[in-house]
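S.K.: Following this message is one structure expressed as structure tokens.
The values are calculated or read from the model by the stated rules, or taken from the named source; none is laboratory data. Keep in mind that this is a model prediction, so the values were computed, not measured. Here the Cβ positions follow ideal geometry from the backbone for every residue, glycine too, while neighbour counts run over all protein chains shown. The accessibility values were calculated without ligands, DNA or RNA, using every heavy atom of the protein model including side chains. Shrake-Rupley method; radii C 1.70, N 1.55, O 1.52, S 1.80 Å.
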Amino acid sequence: MLGLLGYIVESIVFIEKGKGEILGVVIVESGWGSILPTVIIANMMHAGPAERSGRLNIGDQIMSINGTSLVGLPLSTCQSIIKGLKNQAQIKLNIVRCPPVTTVLIRRPDLRYQLGFSVQNGIICSLMRGGIAERGGVRVGHRIIEINSQSVVATPHEKIVHILSNAVGEIHMKTMPAAMYRLLTAQEQPVYI
């Protein structure tokens, strides 16, 4: 498959598990604006089939499972498909390896250019189609972790807005799906499927 930024390499992974055993993953949406709208592995159950296999990583995007494409499907549908595999002993996943943190580069020549996204409490909640943020890789539903190498994890909303509204030139941001961030920071309890 050819992506906007070059080749996207899919890997095929087989997971062996006991019949009646869950796969042992938590999945979240990749976020609106991602090149491939699908689900991402956000967590793996300790000693569960996914973790035991040693073949999956947090951040991996699942393209298909047992031949059923998950691309473009709602999260709840993808969860139902995975739950429906409970009685199978082997599961075939087509995945794209992705780090859990996305690096974004926005090029803003000067303050007259709108960034083209809105943020609430560190989470990107809307994105202007065709704007400089979308071209830079910003995704709706992602939590901003860093702006220009400065952590904004514990930064108040007003300060994040101030940093962004005054930034010009190359703006480097690190983001991750907000649901994954909440799981990794123990703000939410994982529900494994």
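S.K.: Could you work out what % of the accessible surface of region 102-182 is carbon and sulfur, using a 1.4 angstrom probe and leaving DNA, RNA and ligands out of the count?
M.R.: Summing carbon and sulfur atoms, their accessible area is 52 percent of the total for region 102-182.
S.K.: If you don't mind, there's one more thing I want to ask. For GLU170 paired with GLU10, estimate the spin-label separation in nm (one decimal), with each label point 7 Å from Cα along the Cα-to-Cβ line.
M.R.: With each label placed 7 Å out from Cα toward Cβ, I get 3.3 nm.
S.K.: Now a separate question. Running a GNM on the chain with Cα contacts under 10 Å, which residue among ILE163, ILE27, ILE147 ends up with the highest mean-square fluctuation?
M.R.: The residue that fluctuates most here is ILE163.
S.K.: Here's something else I'd like to know. Just to verify a number: FRET efficiency for VAL191 and VAL71, C-beta to C-beta distance, R0 = 25 Å, to 0.05?
M.R.: 0.65
S.K.: Based solely on its DSSP helices, what 222 nm [θ] is calculated for the chain when runs of n ≥ 4 H residues each add -39,500 (n - 2.57) and the sum is averaged over all residues, nearest 500 deg cm²/dmol? Walk me through the numbers before you get to the answer.
M.R.: Values: 5 runs with 35 residues, N = 193.
Only helices count here, giving -4500 deg cm²/dmol.
S.K.: Hey, another quick one. For region 88-171, which trypsin sites (Lys or Arg not before Pro) pass both filters: DSSP loop (anything but H, G, I, E, B) and at most 14 other C-beta atoms within 10 Å?
M.R.: Counting only loop positions with at most 14 other Cβ atoms within 10 Å, the trypsin sites (Lys or Arg not before Pro) in region 88-171 are ARG97, ARG112, ARG129.
S.K.: D for region 102-182, whole µm²/s, Stokes-Einstein with Kirkwood Rh over alpha-carbon pairs at 20 °C and 1.002 mPa s: what number?
M.R.: 174
S.K.: Can you list, largest first and rounded to whole Å, the semi-axes you get for region 40-193 by taking the square root of 5 times each eigenvalue of its Cα gyration tensor?
M.R.: Semi-axes from the Cα gyration tensor: 34, 17, 13 Å.
S.K.: If amide H atoms are built 1.01 Å from N in the plane of the peptide, which residues on other chains or at least 5 residues away come under 5 Å of the amide H of ILE145?
M.R.: Long-range HN contacts for ILE145: LYS174, THR175, MET176.
S.K.: Next question, about the same structure. ARG112 versus SER149, label points 7 Å from Cα toward the beta carbon: distance in nm?
M.R.: Each label point lies 7 Å from its Cα, and together they span 3.0 nm.
S.K.: Next question. May I ask for the Rg/Rh ratio of region 10-99, computed from Cα atoms with Rh as the Kirkwood radius, given to two decimals? Intermediate results must be reported in sequence, preceding the final value.
M.R.: Values: Rg = 11.9 Å, Rh = 12.8 Å.
Value, to two decimals: 0.92.
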